[in-house]
Amino acid sequence: MTAAILASEGGGSLGFPILPALVLVPMIGALVIGLIPRSRPEVARQVAILSSLLAGVLSIVLLVKFDTADDGFQFTVSQTWVSSVDIKFFLGVDGVSLFLVVLTGILFPIALFAAKPTNDPKGYYAWLTLLMGGCMGAFLALDLFLFFLMFEITLVPLYFLIGKWGHGRRVYAATKFFLYTMAGSAFMLVSIVALAVIAKAGDGGQVTFDFTKIIASDSLATNTGRWLFLGMAVAFAVKVPSFPFHTWLPDAHTEAPTAGSIDLAGILLKLGTYGFLRFGLELFPEASVYFAPLLLTLGTIGIIYGGIVAAMQRNFKRLIAYSSVAHMGFAIMGLFALNTQGVEGSVLQMVNHGISTGALFILLGFLYQRRHTYEIKDLRGIAKVAPVFAGIFTVVMLSSIGLPGLNGFVSEFLVLLGTFMAHRWWAVVAAAGVIIAALYLLWAYQRVFQGEPDEANASFPDLNLNERLVMVPLLVLIVFLGIYPKPVLDRIEPSVNRILTRMEEQVDRYDQARTQGGSELREVPEGGGHGEGGHGDEGEHALSVHVTTGEVAP
Amino acid sequence: MEASNLDVAYLALAAILFAIGGVGLLVRRNPLVMIMCVELMLNAVNVTFVAFGKMLNDISGQVIVFFVLVVAAAEVVVGLGLVVAMSRRRPGANADDLRLLRG
Amino acid sequence: MVELIWLVPALPLVGFTILWFFGKRIGEPLAGWLGTAVVALSFLTTLVVFAGLWNEPDHTFQVDYFTWIPAGDFQVEIGFLLDPLSMAMIMFVTGIGSLIHLYSIGYMHGDSRFPRFFTYLNLFVFSMLMLVLGDNMVLTFLGWEGVGACSYLLISFWFEKEANASAGKKAFVTNRVGDWGFMVAMFAAFFTFGSLNWSTITSQAPGLAETTATLIAVMLLIGAVGKSAQLPLFIWLPDAMAGPTPVSALIHAATMVTAGVYLLVRANPILAASAEWVPWAIAIIGAATLFIAATIAVAQTDIKKVLAYSTVSQLGYMFLAVGSGGYTAAIFHMITHAFFKACLFLGSGSVIHGMHDDQDMRHMGALRKVMPFTAFGFIIGWLAISGVPPFSGFWSKDEILSYALHKSPVLYVIGLAGALITAFYMSRQVFMVFFGKARWGASADAELANLDAHDTSAAGSAGDANDLGEATVAADADAGPVAVATEHHGHDVQPHESPWTMTLPILVLAFFALVAGVLNLPFTENLEFLNKWLEPVVGENQAHLGLSTAKLLAEMAISTVVALTGIALAYAIYMKKKFDARKVELPFFYNGWYIDHGVTVFMGGPGRRLFELIALFDRVVIDGAVNGVGRLSRGGAARLRTVQNGYVRWYALMVGLGTILIIAFILTQVSFS
């Protein structure tokens, strides 16, 4: 299995260690910024933009060079670090992490362009670039210790970003965020160390933190696996954030500066869902199946509950924060549907949410710059005086609502479909989330943009050229991924199938929910006959409640 | 090992001295008196060591006494130095008044 | 030539794109002409495609363009299914669409966001075409939601007014409730069939288990009820009249609202395979809706609201047809309704335009003298909708009634009653607006004439003495027309006829409203063109009437009598003032049977309270728990801190105690030999 996973080797295929570069370029950038004298803040900004753009370009290169057909980890780099416990600097990318890396590479430079710090630019840029490096590292790490390290590294810059450059209750929000996430991570650390020690049984007696080796060793007892999964799950559930561990998010978002919010919503939340996928489903297949109903429930609750609470918010940013809870609820639900459509939908949802909600926060940042308030009651009639702003907001809002033709629909649909295939009723309830999403977003839009502007709002300037340019890449992606998500889905699919196949092999209670028939049945019937295959022989097919088995369609 | 009555008497003496010193340390507030009680306890320990040295016919008991005496002397120097410094700043201070290092 | 089908939706999409980016620069009126041109070209293309389709087997053509969503076993293509049903629909969608685009050039003249209007209209036409042409459920859903979004954008086009913005939001959210049903239907369909392609579904549907088919059918019905504004989800349609009239005509009369009917007809094999009660449910919903909406229309004073409720009612007829197994009848009525309702709406828009944006019918009257073309078109539309032969509405409505009778006499009676009321309220509208005495203009005569005419609606109170003053307001705050009385606006309005860009479409539509009946004359099978054309799609599941000529003629006679009765009643009340209109225009009807009111109260009351409760729960319980942990830590720490009290002797005591405990512990562990 290890061989299958490490299908392609490291930098050799590219002649250039692209993955370490992705992680280190921003970190070195942060270091450089730290060394720049305080008297030259514009240099700090330039270095920050340069290093993040460079990382962004590298991520695009990675995307282009990625081998679509390969379902293992590519471009791997492995450097021994602490040999006594087999901790390595081990990086690799597969279909699942690829787009999260690209998203990081795109969203961070955009965030840097979109918002400027209110004070102490040097510290601001340093922390942001460090954050970028940490995120890259977390998505690429294939060594459990390295992952944990990167996971924690992302906490510190964000704590300072919120605490120092944020709004009113920033200290409270930053502290809450930090302590809450760290508390969750504490459980994850226990699981990691336990896993490392247990895994040694299979690998010739050495403690190892190597992800691939742990998977290969396969030596977890069922109960142990479940407990360890829970440990990891707590950390990720806090990060995602999943109900009921979500209350740090609204405060963190509301008080964070714009770039902080963009990155928090766009990237950092994905660390949680990515963690669930990589270190939950892939490491603990049996436990994933066992706990799937619980997590599906939490996901569904997140969707509905997050939407309802969002509808009651008076602060625009807080409203969007709760909408993030709802969207991430979809992501969780898709993962634990444990079938191709669900997991693919979930990964796509991670990407889509990053784009749409990142865009929303950028727009809110523009709003704040002009009006210095997020309170909905203070805003009105903006569409009349700033039509371009309103128009762009409409597009992004419709994407968030899940309008077909824009990116949000594809992922939400796949998630719901996958969930329906596996656990019908959860999907039926969760689908009602689309009603609630329309409710609160349109309500907020109406309050803020429509109607007649009053005095305070009448002088709202429309977006200038820079701001429009910042939005362009995101808008293009929103439309493109809505119409033609195939390239993305094609690259995600092999890795997803790898994970699910392993789950199938490992767990004898697990049957991946597949449909009868399959997609060949598409020709126009002549004379009203039945299509071939699948359904015909089953005759009276009743919908049953439990997961069904079927032939694996080629 | 034979414990003659005399040996037991010495041990009892040391125990009583230790108890007096311990209680005195806990109850008295004057720093000087507290230091004297600490000395009393240390000396009680010395007596115990010597008594056991005699009972077990081992000379190390008496050797240890020397170590203890040295440490006790050093401790007294530091302790009295502290007491002198304190009473210069706050004349008439006792142990209970000096609690700036509370939690 | 069939391959040109891609052009049909592509043209409006191109129009949309150009107008989105360059609309402002292109400006009025060129933007309007561009928008109209693309849709007109699209229409011409449909004609070409139609010619080509004749040669295809079963008049069906399917083509795929590219893969949209590939995910394991779930593969969705962007592809078109051109069959008799979709062909019929794209023809009238683009045809009527282009006429309405043309009309809008005149109607939206002078509006500051003129180009943007056509942008949205083009996008709408594109979405509607995708809805109808989609060869799989997901693509249909794309169009479905697309038209919903465009509807939202267009209803709230004049968003500076809160009411318009709210109406748009209400439409979207109510639609979404239906969309939930559609989505669940899709999931169930994929689960069952392994594919969401219409051809697969329709061909495999006969083999479905009844429960499965019922589930899917019911979910699709929910979607249709939301989109086609049936009971109980119709509340958005009257509010949607806040949008500009062309929007009402196109979206809320001719196209979007018919999407629900289209969906049910498209899914007719599933309906056939479902439980007995499903078609009954559809028919009953249709019957209830048609009746209730008709009664509500009777009491409305806003010219567009009458037509809005009328649309709801006519859609009820289509649902009744579907439920009774008369799929072609439903489509037939959909087509004739599109013609005459669009004609009526455009006519009303022309009236509003001429009356300088006054929509209150009580201020109108005798407009036929100043707006002859509009009146002419409107009258033809009126006759069509009232079911007067030989106008198109008569044929289509009669066919529905035949199927209804076939299903159940009760439904037939309700349908007839609805027809009576329809004829009544439409005649009422025509008489109030185009005939009688003019109630506009500043002259005192006009004011007095005002009074006279108002006798019908206003002044419950012995309206007489109170001349121009207030009429005593009826106790009911939401009172209907009886109350408001002579709220004279000091009308100096001099109504005038509208420009040719507006009257031409009205007249064209009127023409079709007159002649469209030829599509499906019931006399012989040869004349039933539509039935034959749609047979590949619905043939197997269509109920067969087998009417004898005698029975047919009898039904036609009854319908005619009913229609004429309705007209006569309205004439008596509104022209001859024989009876008091207040007895008919009840506040109960005016307020929509208080259904919308009820929903609003619920949403604002218990609904909102539930939401608030949950938000409170989040803040107090969950966040409270988090903060509680923090408080607990601090509290605990504070208590523990008391141990560190700074007293040296205390510390010494603790050391002593600790030592004793350790020694005691060791002593218990150690055994003495």
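The values are calculated or read from the model by the stated rules, or taken from the named source; none is laboratory data. This is a predicted model, so every value here is computed, not measured. Because the Cβ atoms are built from the backbone with ideal geometry, glycine has one as well, and the counts that use them run over all protein chains shown.
Of all residues in region C:133-142, none are part of a helix (DSSP H, G or I), closer than 29 Å to residue A:379 by Cα and either within 11 Å of chain A (Cβ to nearest Cβ) or touching a Lys or Arg at 6+ places or on another chain (Cβ under 7 Å) (or both). Name the single residue, out of those in region C:627-673 being of a type outside the set (Ser, Thr, Tyr) and not in a helix (DSSP H, G or I), that is nearest to residue B:25 (Cα to Cα). The residue in question is C:646.
Has region A:305-324 got any residue that is over 25 Å from residue A:475 (Cα atoms) and more than 14 Å from chain C (Cβ to nearest Cβ)? For region A:305-324, residues over 25 Å from residue A:475 (Cα atoms) and more than 14 Å from chain C (Cβ to nearest Cβ): absent.
The residues listed here are C:611, C:589; of these, the one that is surrounded by 11 or more Cβ atoms within 10 Å (Cβ to Cβ), in contact with a helix residue (DSSP H, G or I) (Cβ under 6 Å, 6 or more places away or on another chain) and in contact (Cβ under 8 Å) with a residue 24 or more places away in the chain is C:589. Residues in region A:32-45 that are part of a helix (DSSP H, G or I) and more than 27 Å from the chain's Cα centre (by Cα): 8 in all. Which residue is nearest to residue A:77 (Cα to Cα), if the candidates are limited to region A:131-156 and must be touching a Ser or Thr at 6+ places or on another chain (Cβ under 9 Å) and surrounded by fewer than 24 Cβ atoms within 10 Å (Cβ to Cβ)? For region A:131-156, the residue satisfying everything is A:148.
Inside region C:144-163, residues that are more than 8 Å from chain A (Cβ to nearest Cβ) and closer than 18 Å to residue A:381 by Cβ make up a count of 4. Checking each residue in region A:100-151 for being within 17 Å of residue A:266 (Cα to Cα) and hydroxyl-bearing (Ser, Thr, Tyr) picks out A:104, A:129.
Looking at this structure, is residue A:383 touching a helix residue (DSSP H, G or I) at 6+ places or on another chain (Cβ under 8 Å), over 29 Å from residue A:341 (Cα atoms) and aliphatic (A, V, I, L, M)? When the stated conditions are applied, residue A:383 passes them. Do we find that residue C:406 is part of a helix (DSSP H, G or I), surrounded by fewer than 24 Cβ atoms within 10 Å (Cβ to Cβ) and modelled with pLDDT under 90 in this structure? Spelling it out, residue C:406 is indeed part of a helix (DSSP H, G or I), surrounded by fewer than 24 Cβ atoms within 10 Å (Cβ to Cβ) and modelled with pLDDT under 90.
Taken over region C:54-86, the criterion of being over 20 Å from residue C:143 (Cβ atoms) and either touching a Gly at 6+ places or on another chain (Cβ under 7 Å) or within 14 Å of chain A (Cβ to nearest Cβ) (or both) is satisfied by C:56, C:57, C:58, C:59, C:70, C:71, C:72, C:73.
Please work out which one of (1) surrounded by 22 or more Cβ atoms within 10 Å (Cβ to Cβ); (2) within 11 Å of chain C (Cβ to nearest Cβ); (3) more than 30 Å from residue C:608 (Cα to Cα) is the condition residue A:387 fails and give its number. Here residue A:387 meets the rest and fails (1). From the residues in region A:363-384 that are surrounded by fewer than 22 Cβ atoms within 10 Å (Cβ to Cβ) and β-branched (Val, Ile, Thr), which one is farthest from residue A:166 (Cα to Cα)? By that ranking, first place goes to A:376. Restricting the search to helices (runs of 4 or more DSSP H) fully inside region C:183-270 and requiring at least 3 residues that are modelled with pLDDT of 85 or more and at the interface with chain A (Cβ under 8 Å from one of its Cβ atoms) gives C:198-204, C:210-227. Only one entry in A:376, A:332, A:392 is more than 28 Å from residue C:611 (Cβ to Cβ) and away from chain C (no Cβ under 11 Å), namely A:392. Within region A:251-263, not a single residue is touching a residue at least 12 places away in the same chain (Cβ under 8 Å), closer than 27 Å to residue A:502 by Cα and in a loop (DSSP other than H, G, I, E, B). Pairs are defined by a Cβ separation below 6 Å, a sequence spacing of at least 6 or placement on different chains, a first member in region C:634-654 that is within 7 Å of another protein chain (Cβ to nearest Cβ), and a second member that is at pLDDT 85 or above; the pairs so defined are C:649/B:26; C:652/B:25; C:652/B:26; C:653/B:26. Out of region A:284-304, which residues are surrounded by fewer than 24 Cβ atoms within 10 Å (Cβ to Cβ), away from chain C (no Cβ under 14 Å), aliphatic (A, V, I, L, M) and touching a residue at least 40 places away in the same chain (Cβ under 8 Å)? Selection gives A:289, A:292, A:295. Determine if region C:570-580 includes at least one residue that is under 41 Å from the mean Cα position of the chain (by Cα), of a type in the set (Phe, Trp, Tyr) and loosely packed, with under 14 Cβ neighbours inside 10 Å. Checked region C:570-580: at least one residue is under 41 Å from the mean Cα position of the chain (by Cα), of a type in the set (Phe, Trp, Tyr) and loosely packed, with under 14 Cβ neighbours inside 10 Å.
When the residues of region B:62-96 are filtered to those that are more than 14 Å from chain C (Cβ to nearest Cβ) and assigned to a loop (DSSP other than H, G, I, E, B), the one that is surrounded by the most Cβ atoms within 10 Å (Cβ to Cβ) is B:90.
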